[in-house]
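Reading through the structure tokens given below for one structure.
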Amino acid sequence: MMHLAFGQAVKNKLLAENLVEGVRLPKAEKHEMRVLDREEQTRLVLAARRAPEPAAFGIIFDLFTGLRMGELCGLRWENVDMDGRSIKVCETRNRLRNFDDSIETSTAWRR
């Protein structure tokens, strides 16, 4: 992001050179993903079914579809075809931090 911004500043003749040219971010350390075993999945489904919050259904739905969190949050009823027994993932949602007042906001992105 900064590279693009400084590059635009160079094009606009606000800077003589891109100050972040050549800067490389350190690679993030990769951690092995832990997957729930069958017993843990069963306990999760039972706990979600007992939960009073309607959003708990999203946990069950996600467990059986494998959707990413953003894909799950971007689903709309118009993407669900009950007769055809299919779901189209057309949108995703991302949480973006608003650094001005520390409130997280949600943004939709179409695929």
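Read-outs throughout are calculated quantities, based only on the coordinates presented, and are distinct from any laboratory measurement. Only a predicted model underlies this, so the values are computations on that prediction, with no experimental measurement involved. Heads up, the Cβs are rebuilt from the backbone with ideal geometry, glycines too, and the neighbour counts pull from every protein chain shown.
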Looking at the structure I just gave you, is Arg68 of a type in the set (Lys, Arg) and without any contact (Cβ under 8 Å) to a residue 24 or more places away in the chain?
no
Please find, among Val89, Val35, the residue that is in contact with an Asp or Glu (Cβ under 8 Å, 6 or more places away or on another chain) and either free of Cβ contacts under 8 Å to residues at least 60 places away in the same chain or surrounded by 10 or more Cβ atoms within 10 Å (Cβ to Cβ) (or both).
Val89
